[in-house]
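The values are calculated or read from the model by the stated rules, or taken from the named source; none is laboratory data. Quantities reported herein were computed from a predicted structural model and do not represent experimental measurements. Counting neighbours? That spans all protein chains shown, and the Cβs are built from the backbone with ideal geometry, glycine included. Side chains are part of the model used for accessible areas, which takes the heavy atoms of the whole protein and leaves out ligands, DNA and RNA. Shrake-Rupley method; radii C 1.70, N 1.55, O 1.52, S 1.80 Å.
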Amino acid sequence: MSYKLKLGLIAAIALAGQALQAAAADSITIAEWGGASQAADRAAFFEPFTKETGIKVIDDVWQGDLSTVLSQVQTKSYKWSLVRAETALVKRGCEQGILEKFDAAIVGTAKDYLPGAFQPCGIAYATFSSNIAYNADKLKDNPPTSIKDFFDLQKYPGKRGIRRDPVYAIELALLADGVTLKDLYKVMRTHEGIDRAFKKLDTIKDQVVWWESGSQPPQLLADGEVTMSTVWGNRIVAAQKEGKNLQILWDYPGLDYDWFIMPKGSPDAAKATKFLKFITEPKNAAKLSEVAPFGPVLKAAIPLIGNAYVDSLPTSPKNSKNAFAFDSEFYADNQEDLTVRLTNWLQK
């Protein structure tokens, strides 16, 4: 190889390295749940943020396992700048000391948000629901009307889809077994209450298809593999837009918030903070409801939602008549133990 050619290759490699560094310097990576919800964030937040700031948002997907965040923090091998999380995960991560705490100058104070939507280690930005859904083409003559129908295999034969996670599965079982909303978490804080929930789940255990990714329930329903399924409501709305005749049952929907969390010590903190400031501008926060049925959590954004989008939100008056909020304190204390119990129960 000639001397000039060698110099040319070295220069090319150096330029390529500089280009990669420049790309990294002008980007952040956000891990979410994938599917329709991530597509909504991309349209409402990622693309407008990049257009305004020049900072590219790279998508990734995770399954809600905090150990993956812990590993990045402990090894200082950071893969994600921000991570989308449910409320209980925010609390657990904060208690474990693996998440950054946010300054009020960036995110505001509790009075700026809906009740329960303010924590030091997370930015709540969307309200979502856990529901039961069904294929209306399969059940057009006799659609289910209550969560009790989910457990009625005689009236509604066929498989049931349930997320492989105790959240909502436990509440669903107890509410269908007659526990009232006011007593729900009081019952769940007892050994007898949890035993009662698993006894109810026993009645459909051999008919359950367990799902892990939010994209699975709409597909399972559309393909006729399950008669009904627990699901995140926004996924069904997205499927409806694709022409699938799937319907949401608004009987005892569970409400939770979506949050962004930042791994402690993240080298992308400054750029990620710019993104957080962008999505907590009221006019930007309200945009999410225009592309997907997520309600904003920032109070100042709520009046900015167009009337055409209100009825599809889980917080609308017609959809939230008997809704309940997941008890994040309960799950921060008990989710790991309940997950172990669910795993052991599945193996029996």
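Here are the numbers for the structure shown:
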read-out	value
Neighbours by Cβ (under 9 Å, 6+ apart or cross-chain): first from region 37-61, under 15 Å from PHE294 (Cβ atoms) and touching a residue at least 24 places away in the same chain (Cβ under 8 Å); second assigned to a loop (DSSP other than H, G, I, E, B) and of a type in the set (Lys, Arg)	ALA43/LYS287; ALA44/LYS287; PHE45/LYS287
Cβ-Cβ under 8 Å pairs, at least 6 apart or on other chains, region 102-116 side in a helix (DSSP H, G or I), far side open to solvent by less than 60 Å² (accessible area, probe 1.4 Å)	ILE106/THR273; ILE106/LEU276; ILE106/THR280; VAL107/ILE123; VAL107/LEU276; VAL107/THR280; ASP112/LEU298; ASP112/ALA300
Lone unmet requirement of (1) more than 30 Å from ALA43 (Cα to Cα); (2) among the hydrophobic types (A, V, I, L, M, F, W, C); (3) under 20 Å from the mean Cα position of the chain (by Cα) for LEU288	(1)
Residue ID - surrounded by the most Cβ atoms within 10 Å (Cβ to Cβ), chosen from residues in region 24-59 that are of a type in the set (Ser, Thr, Tyr) and not in a helix (DSSP H, G or I)	THR29
Hey, PRO157 closer than 24 Å to ALA323 by Cα and open to solvent by 20 Å² or more (accessible area, probe 1.4 Å) or not	no
Selection within region 70-86 - of a type outside the set (A, V, I, L, M), within 25 Å of VAL167 (Cβ to Cβ) and free of Cβ contacts under 8 Å to residues at least 40 places away in the same chain	SER71
Long-range neighbours under 8 Å by Cβ, at least six apart or interchain, first residue more than 17 Å from ALA40 (Cβ to Cβ) within region 267-281, second in a helix (DSSP H, G or I) and not hydrophobic (A, V, I, L, M, F, W, C)	LYS274/THR53
The listed residue being aromatic (Phe, Trp, Tyr) and closer than 30 Å to SER71 by Cα, out of PHE294, PHE278	PHE278
Among residues of region 201-216, those that are closer than 15 Å to ASP149 by Cβ and either touching a Gly at 6+ places or on another chain (Cβ under 6 Å) or free of Cβ contacts under 8 Å to residues at least 24 places away in the same chain (or both), counted	0
Qualifying residues in region 236-259 (those that are assigned to a helix (DSSP H, G or I) and within 30 Å of LEU181 (Cβ to Cβ)) - the one most open to solvent (accessible area, probe 1.4 Å)	GLN240
Test: residue in region 60-74 that is buried (at least 16 other Cβ atoms within 10 Å of the Cβ), in a strand (DSSP E or B) and touching a Leu at 6+ places or on another chain (Cβ under 8 Å)	no
Residue selected from region 205-219 under the condition farther than 15 Å from LEU172 by Cβ and within 19 Å of the chain's Cα centre (by Cα), by the criterion most open to solvent (accessible area, probe 1.4 Å)	GLU212
Single match in PHE102, PHE118, PHE150 (criterion: surrounded by 14 or more Cβ atoms within 10 Å (Cβ to Cβ), over 22 Å from the mean Cα position of the chain (by Cα) and aromatic (Phe, Trp, Tyr))	PHE150
Failed condition for TRP80, given (1) modelled with pLDDT of 95 or more; (2) assigned to a loop (DSSP other than H, G, I, E, B); (3) surrounded by fewer than 10 Cβ atoms within 10 Å (Cβ to Cβ)	(3)
Residue within region 290-310 that is free of Cβ contacts under 8 Å to residues at least 40 places away in the same chain, more than 17 Å from TYR113 (Cα to Cα) and open to solvent by less than 70 Å² (accessible area, probe 1.4 Å) present	yes
Residue satisfying condition, being touching a helix residue (DSSP H, G or I) at 6+ places or on another chain (Cβ under 9 Å) and at pLDDT below 95, within set ALA25, ALA19	ALA25
Subset of region 170-195 that is surrounded by 11 or more Cβ atoms within 10 Å (Cβ to Cβ) and basic (Lys, Arg) - its residue that is nearest to PHE330 (Cα to Cα)	ARG189
Cross-chain or 6+ apart pairs with Cβ under 8 Å, region 331-343 first and within 14 Å of ARG189 (Cα to Cα), then among the small types (Gly, Ala, Ser)	TYR331/ALA88; ALA332/ALA88; GLN335/ALA88
Output for region 327-339, where each listed residue is over 18 Å from the mean Cα position of the chain (by Cα), surrounded by fewer than 17 Cβ atoms within 10 Å (Cβ to Cβ) and under 15 Å from ALA197 (Cα atoms)	ASP337
